[in-house]
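S.K.: One structure follows; several queries about it will come next.
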Amino acid sequence: MNDHAANPARPRVYLETYGCQMNVADSQTVSAVLRRAGYVTANGVEDADVVLLNTCAIREHAEEKVLHRLRELARLKNSRPEVKIGLLGCMAQHNRVAIMEKAAFLDVVAGPDSYRRLPEMIGSAGFDASIDVRLDRAETYADITPEYGGGVRAYVTAMRGCDKFCAFCVVPYVRGRERSIPPSDLMREIGELAARGVKEVVLLGQTVNAYRFGDVDFGALLRMIASIDGIDRIRFTSPHPSDMSESIIEAMATEPKVQPQLHLPLQSGSDRILAAMERGYTVAEYLDLVARVRAAIPGIALSTDIIVGFHGENESDFEATTALMRSVGYDSAFMFKYSVREHTRAFRLGDSVSEEEKGRRLTALIALQEEMSLARNHEMIGREFPVLVEGPARRGGGMMSGKTPQFKTAIFAASGIPAGNTVRVRVDSATGHSLMCSIS
Ligand code: SAH
Ligand code: SF4
Ligand code: F3S
């Protein structure tokens with residue numbers, strides 16, 4: 001949004017985002033809605049007329065972070081009662097009324113399908129809070145162009161919601177039913193991004209590969225987007241293993257713009273636990289998928305999500321997860337302790353693994369993955385890759401950085417190469433998190 005200095009009379013809004021990339025993308029939609037209504041961006045809570053938190057409910061820890069922030073904002077509200085404070089996103093949807101008891105000073109509570117109404121809700125919030133947590137199975141915000149940040153990469157929402165109802169997961173309850181953005185809207189929007197210099201798009205959705213609009217499935221969508229001039233690289237996250245159709249694998253294998261990288265959330269390496277989680281696949285099916293993907297797309301990087309300590313997970317289930325991670329050899333992994341979530345199917349099952357034991361399993365798994373990430377990255381030494389230049393490396397010192405096709409961070413000595421250019425580099429050395437390279 002505009003610098004408020006140029007528009008001193010306009011209301012200033014400060015928006016803070018928690019959670020996944022889909023929430024970050026939603027915040028860009030919220031910014032677009034508010035800008036249309038005349039709001040400008042505040043520099044911080046200090047100079048804001050409206051403070052909004054776009055929140056996450058995936059694990060208890062995510063909610064605790066927001067509750068902590070709300071306690072700070074309660075003090076702000078005390079000293080400046082005219083500031084309007086709003087809770088948006090998944091936690092607003094998840095906690096609804098309970099949150100109003102914990103944070104009675106909230107002026108606005110808006111779920112993920114209510115952002116179109118935000119200006120009205122903020123405007124009408126006075127004595128009473130303005131609450132809208134209705135889920136709307138038709139809301140896609142397809143006509144609202146989000147306020148994309150700068151940079152060579154843009155994250156574009158392709159579908160919203162989730163119909164999978166994995167037993168542990170709150171997402172279907174807080175984001176509602178699956179719905180896909182029409183291909184024509186995506187083509188227009190990504191075409192505009194390309195015209196502004198964006199080189200890489202990451203298509204987003206909680207089960208992004210379940211995308212379907214009329215005859216267009218996700219494989220067809222990948223091909224359509226690949227036809228846009230100026231877009232060099234296409235990625236997507238998160239696909240669900242059960243929706244990884246042959247059409248998608250074929251598009252990845254044959255369309256050079258679709259990058260050799262796949263996030264394939266496993267959750268557990270034990271069939272018993274996968275069944276209890278209601279994930280919809282077995283270990284054998286998952287491994288078969290990994291084999292087909294690797295055969296079709298040589299050199300593809302794989303990453304995953306794992307939950308340790310799901311209700312009923314015993315030592316041998318955990319060992320099965322460890323063994324599976326070893327045998328797949330992921331390039332990277334996100335690993336979490338199971339967190340019981342209200343409203344989910346697993347809520348009534350209980351929480352049989354102690355916090356200490358979850359901690360032990362998580363620590364062991366992280367150590368294993370560090371070892372494997374390092375081994376995978378060491379395999380890259382001596383090889384050459386095209387790198388999409390993003391800018392100076394965080395560590396500075398005349399270094400620049402960008403991503404390889406496998407989405408690994410490449411760091412190389414250079415200066416002044418414009419962001420968005422592609423350079424060829426050779427990998428000289430590696431850590432578990434990045435590749436040290438030289439321009440070849
Ligand atoms: N839609 C994606 C994942 C979305 S949430 C998918 O199906 O793969 C991101 C990750 O958070 C999940 O993959 C899972 O590993 C983790 N997660 C979700 N619910 C959780 C819970 N209740 N406790 C711990 N981790 C959870
Ligand atoms: Fe949650 Fe499962 Fe949907 Fe992923 S697929 S968002 S884990 S319910
Ligand atoms: Fe969290 Fe909602 Fe994303 S629960 S992980 S912000 S979809």
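The values are calculated or read from the model by the stated rules, or taken from the named source; none is laboratory data. Computed from a predicted structure; not experimentally measured. All Cβ positions, even for glycine, are placed from backbone atoms using ideal geometry, and neighbour counts span all protein chains on display. In case anyone asks, the SASA skips ligands and DNA or RNA and just uses the protein heavy atoms, side chains included. Shrake-Rupley method; radii C 1.70, N 1.55, O 1.52, S 1.80 Å.
S.K.: May I ask you to list the residues in segment 1-22 that are hydrophobic (A, V, I, L, M, F, W, C), at pLDDT below 95 and in contact with a helix residue (DSSP H, G or I) (Cβ under 9 Å, 6 or more places away or on another chain)? Quick ask: steps written out before the conclusion?
M.R.: Going through segment 1-22, the residues hydrophobic (A, V, I, L, M, F, W, C) turn out to be 1, 5-6, 9, 13, 15, 20, 22.
The next check asks that each one be at pLDDT below 95; those that pass are 1, 5-6, 9.
Across segment 1-22, the qualifying residue is only 1.
S.K.: Mind listing whichever residues of segment 203-221 are among the hydroxyl-bearing types (Ser, Thr, Tyr) and within 10 Å of ligand 1 (Cβ to nearest atom)? If you could, list the steps in order and put the result at the bottom.
M.R.: Start the filter on segment 203-221 by keeping residues that are among the hydroxyl-bearing types (Ser, Thr, Tyr), which leaves 207, 211.
Hit for segment 203-221 is 207, nothing else.
S.K.: While we're here: How many of the residues making up segment 302-317 are open to solvent by 10 Å² or more (accessible area, probe 1.4 Å) and not charged (D, E, K, R)?
M.R.: The total comes to 6.
S.K.: Which number in (1) surrounded by fewer than 21 Cβ atoms within 10 Å (Cβ to Cβ); (2) among the small types (Gly, Ala, Ser); (3) modelled with pLDDT under 90; (4) touching a helix residue (DSSP H, G or I) at 6+ places or on another chain (Cβ under 9 Å) marks the one condition that residue 98 misses?
M.R.: Condition not satisfied by residue 98: (4).
S.K.: Restricting attention to segment 114-128, does a residue exist that is away from ligand 3 (no atom under 15 Å from the Cβ), touching a residue at least 40 places away in the same chain (Cβ under 8 Å), open to solvent by 20 Å² or more (accessible area, probe 1.4 Å) and farther than 25 Å from residue 58 by Cβ? Give the derivation first.
M.R.: Within segment 114-128, the subset away from ligand 3 (no atom under 15 Å from the Cβ) is 116-128.
Then drop every residue that is not touching a residue at least 40 places away in the same chain (Cβ under 8 Å), which leaves 116, 118-119, 122, 125.
Going one step further and asking which of them are open to solvent by 20 Å² or more (accessible area, probe 1.4 Å), we end up with 116, 119.
Remaining after also requiring farther than 25 Å from residue 58 by Cβ: 119.
Yes, segment 114-128 has at least one match.
S.K.: Please indicate, with yes or no, whether at least one residue in segment 365-383 is within 11 Å of ligand 1 (Cβ to nearest atom), under 24 Å from residue 57 (Cβ atoms) and open to solvent by 30 Å² or more (accessible area, probe 1.4 Å). Show your work before the answer.
M.R.: Within segment 365-383, the subset within 11 Å of ligand 1 (Cβ to nearest atom) is none.
Within segment 365-383, none of the residues are within 11 Å of ligand 1 (Cβ to nearest atom), under 24 Å from residue 57 (Cβ atoms) and open to solvent by 30 Å² or more (accessible area, probe 1.4 Å).
S.K.: Taking segment 158-172 as the search range and keeping residues that are assigned to a loop (DSSP other than H, G, I, E, B) and more than 8 Å from ligand 2 (Cβ to nearest atom), which one is surrounded by the most Cβ atoms within 10 Å (Cβ to Cβ)? Before the answer, list the steps.
M.R.: Residues of segment 158-172 that are assigned to a loop (DSSP other than H, G, I, E, B), as a first pass: 158, 161-170.
Within this subset, residues satisfying the condition of being more than 8 Å from ligand 2 (Cβ to nearest atom) are 158, 161, 167.
Numbers: 158: 26, 161: 24, 167: 17.
This residue is 158.
S.K.: Whether any residue in segment 132-139 is of a type in the set (Gly, Ala, Ser) and open to solvent by 30 Å² or more (accessible area, probe 1.4 Å) is what I want to check.
M.R.: Our first condition is that a residue be of a type in the set (Gly, Ala, Ser); within segment 132-139, this holds for 138.
If we keep only those that are open to solvent by 30 Å² or more (accessible area, probe 1.4 Å) too, we end up with 138.
For segment 132-139, residues of a type in the set (Gly, Ala, Ser) and open to solvent by 30 Å² or more (accessible area, probe 1.4 Å): present.
S.K.: Something else about it: Cβ-Cβ under 8 Å, sequence separation 6+ or interchain: first residue in segment 14-35 and free of Cβ contacts under 8 Å to residues at least 12 places away in the same chain, partner open to solvent by less than 10 Å² (accessible area, probe 1.4 Å) and of a type in the set (D, E, K, R). Which pairs?
M.R.: The qualifying pairs do not exist here.
S.K.: So, of the residues in segment 330-364 that are more than 16 Å from ligand 2 (Cβ to nearest atom) and surrounded by 18 or more Cβ atoms within 10 Å (Cβ to Cβ), which turns out to be farthest from residue 406 (Cα to Cα)? Outline the logic, then answer.
M.R.: Residues of segment 330-364 more than 16 Å from ligand 2 (Cβ to nearest atom): 330-332, 348, 350-364.
Filter again for surrounded by 18 or more Cβ atoms within 10 Å (Cβ to Cβ), leaving 330-332, 353, 358, 361-362.
On the way: 330: 12, 331: 9, 332: 11, 353: 35, 358: 31, 361: 28, 362: 25 Å.
Ranking the qualifying residues of segment 330-364, first place goes to 353.
S.K.: Ok, one more. Among residues belonging to segment 333-364 that are of a type in the set (Asp, Glu) and within 12 Å of ligand 1 (Cβ to nearest atom), point out the one that is farthest from residue 313 (Cα to Cα). Let's see the steps before the verdict.
M.R.: Step one: filter segment 333-364 for residues of a type in the set (Asp, Glu), giving 342, 351, 355-357.
If we keep only those that are within 12 Å of ligand 1 (Cβ to nearest atom) too, we end up with 342, 351.
Values: 342: 19, 351: 10 Å.
Among residues in segment 333-364 that are of a type in the set (Asp, Glu) and within 12 Å of ligand 1 (Cβ to nearest atom), the one farthest from residue 313 (Cα to Cα) is 342.
S.K.: Name every residue in segment 123-151 that is more than 19 Å from residue 186 (Cβ to Cβ) and either touching a helix residue (DSSP H, G or I) at 6+ places or on another chain (Cβ under 8 Å) or at pLDDT 95 or above (or both), in order of residue number.
M.R.: Within segment 123-151, 129, 130, 131, 132, 133, 135 qualify.
S.K.: Which one of the conditions (1) in contact (Cβ under 8 Å) with a residue 60 or more places away in the chain; (2) within 30 Å of residue 306 (Cα to Cα); (3) out of contact with any Phe, Trp or Tyr (no Cβ under 8 Å at 6 or more places or on another chain) does residue 376 fail to meet, given that it meets all the rest?
M.R.: So the condition that residue 376 fails would be (3).
S.K.: Go through segment 8-39 and give me each residue that's assigned to a loop (DSSP other than H, G, I, E, B) and charged (D, E, K, R). So that I can check it myself, show each step before the final result.
M.R.: The initial filter retains those residues of segment 8-39 that are assigned to a loop (DSSP other than H, G, I, E, B), namely 8-11, 18-20, 37-39.
Scanning segment 8-39 gives a single hit, 10.
S.K.: Would you tally the residues in segment 286-318 being charged (D, E, K, R) and within 15 Å of ligand 1 (Cβ to nearest atom)?
M.R.: Going through segment 286-318, the residues charged (D, E, K, R) turn out to be 288, 292, 294, 305, 313, 315, 317.
Pick out the ones that are also within 15 Å of ligand 1 (Cβ to nearest atom) and you get 305, 313.
Going through segment 286-318 one residue at a time, the tally reaches 2.
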